[in-house]
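To keep things clear, I will list the structure first and then write my remarks on it.
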Amino acid sequence: LAMAAAACFAAWYMMDSRLREETLSRSRQLAVDYPRLISRIVLYLGAGMSVRNIFFKCASEYSGSRSGNGEQGKKSEKDSSGRYLQEEILLVCNELNSGIPETEAYMHFGRRCRSRQYTKLCSLLVQNLRRGNDTLLEILQEEAENSFEERKNLARELGEEAGTKLLLPMMIMLGITMLIIIVPAYFGFSM
């Protein structure tokens, strides 16, 4: 009975840690993809597209690269970055197609992403729909600049984490190298 309880606890702990790891990976990937999304929105808004059409354009680009043959299909198989963001964009488009108002669809998008950046973007988009904001493009351009700075900081943090994770293997390699040098020298002096 005790072993069964311990096995259940171990299984729960492993599944919980895996879920935490996937959630952290998702939030990091969404944070990395945010500057690309915001710059795309700024580009398309500057070209005169509506926000609704921007989401449909992004969704069609994703669908085309997923189902396309050739280079785009190979690239999407190798590089799954942006998968979470594209899934969320597809959900927004599905909500818009099913008749949910734009404001609600954008707010659902912000809530599902669970990030301060996406919540701010969605509130800007909703504010634009409700009140008609003339300066939306300028605000989003400023947000794009800030998001690229945040992405640089995130990349720096991830690089520091990678350096910390590589410290133990480097110490092991140093020990092996020292053994390779010291052992022959020791036997050479003893003869």
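The values are calculated or read from the model by the stated rules, or taken from the named source; none is laboratory data. Here the structure is a predicted model, which means the values were calculated and not measured. Quick reminder, even Gly has a Cβ in these numbers, built from the backbone with ideal geometry, and neighbours come from all protein chains shown. Ligands, DNA and RNA are excluded from the accessible area calculation, which covers all protein heavy atoms including side chains. Shrake-Rupley method; radii C 1.70, N 1.55, O 1.52, S 1.80 Å.
Put simply, when 120-127, 169-176 are sorted by average Cβ atoms within 10 angstrom per residue, most first, you get 120-127, 169-176. Rounded to the nearest 500, the 222 nm mean residue ellipticity of the chain from helices alone is -30500 deg cm²/dmol, with -39,500 (n - 2.57) taken per DSSP H run of at least 4 residues. Compared with the dominant principal axis of the Cα atoms in the chain, helix 83-97 is inclined by about 20°. Against the main long axis of the alpha-carbon atoms of the chain, helix 2-46 sits at an angle near 50°. Annotation: per residue accessible area for the chain equals 69 Å², rounded to a whole number [probe 1.4 Å, protein chains only]. For the range 16-37 versus the range 89-165, the inter-centroid distance based on Cα atoms is 14 Å.
Between the helical axis of 51-67 and the longest alpha-carbon principal axis of the chain there is an angle of about 50 degrees. Estimated from the Cβ-Cβ distance and a Förster radius of 41 angstrom, the FRET efficiency linking MET173 and ARG40 is about 0.40.
Subtracting the Cα-Cα distance of HIS108 and ALA47 from 0.36 nm times their residue separation leaves 19.4 nm of extension gain. Surface composition of the chain: carbon and sulfur atoms hold 60% of the protein heavy-atom accessible area at a 1.4 Å probe. Taking 14 Å as the straight-line reach from the Cα of LYS57, the aspartates and glutamates in range (excluding those fewer than 8 positions away in the same chain) are GLU87, GLU88.
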